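Accompanying notes for the structure given below.
The values are calculated or read from the model by the stated rules, or taken from the named source; none is laboratory data. Keep in mind that this is a model prediction, so the values were computed, not measured. Methodologically, a virtual Cβ is constructed for each residue, glycine included, from the backbone with ideal geometry; neighbour enumeration extends over all protein chains shown. Just so you know, the surface numbers come from the protein's heavy atoms only, side chains and all, with ligands and any DNA or RNA stripped out. Shrake-Rupley method; radii C 1.70, N 1.55, O 1.52, S 1.80 Å.
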Amino acid sequence: MAAPFEIHEPSQEQMEARLAEWKSKLEGKYVALETPLDEQLRERFPSLNLQTLPEDAKPVSYDDKWHYKINEVDLVKPSEIKYEVRHLWPGRPATRDLRFDRMNLHTDNEGKIDRVTFG
């Protein structure tokens, strides 16, 4: 008989350290659009003034493949972050399920990250 599925919940200290690390890396940067679905998002919510990551864009460093600088603007490529990422802008509904491996990027209508949470 197989062992029951176990959920590994990080300790409070681990969660606080992870949150502090990512807050310092991401807050103040902008989320970049990178998929056709993102383009549909722009069409559906015209009040959002989001930037598209150019196809030929190169990351700032080898270690931080999620970080780009385009025309002096720091952009974040969510698909390169090691966690599942959820982009939450003002007024967007969100599920309330708690997932320790999901990063939430709370942004303004310009896509500027003003808060990072996990859950």
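If the Cβ limit is 6 Å and pairs must be 6+ apart or interchain, which residue in segment 87-103 that is in contact (Cβ under 8 Å) with a residue 40 or more places away in the chain pairs with which residue that is part of a loop (DSSP other than H, G, I, E, B) and exposed (fewer than 14 other Cβ atoms within 10 Å of the Cβ)?
Here the result reads Phe100/Pro10, each pair linking segment 87-103 to a residue that is part of a loop (DSSP other than H, G, I, E, B) and exposed (fewer than 14 other Cβ atoms within 10 Å of the Cβ).
Somewhere in segment 23-41, is a residue out of contact with any helix residue (DSSP H, G or I) (no Cβ under 9 Å at 6 or more places or on another chain), part of a helix (DSSP H, G or I), open to solvent by 70 Å² or more (accessible area, probe 1.4 Å) and modelled with pLDDT of 80 or more?
Checking segment 23-41: at least one residue is out of contact with any helix residue (DSSP H, G or I) (no Cβ under 9 Å at 6 or more places or on another chain), part of a helix (DSSP H, G or I), open to solvent by 70 Å² or more (accessible area, probe 1.4 Å) and modelled with pLDDT of 80 or more.
Looking at Gln14 and the list (1) within 19 Å of Asp114 (Cβ to Cβ); (2) open to solvent by 70 Å² or more (accessible area, probe 1.4 Å); (3) modelled with pLDDT of 90 or more, which single condition is not satisfied?
Looking at each condition in turn, Gln14 falls short on (1).
Among the charged types (D, E, K, R), more than 17 Å from Ser24 (Cβ to Cβ) and under 16 Å from the mean Cα position of the chain (by Cα), is that true of Arg92? Working first, answer last.
On the way: among the charged types (D, E, K, R): yes; more than 17 Å from Ser24 (Cβ to Cβ): yes; under 16 Å from the mean Cα position of the chain (by Cα): yes.
Yes; evaluated as a whole, the condition is true for this residue.
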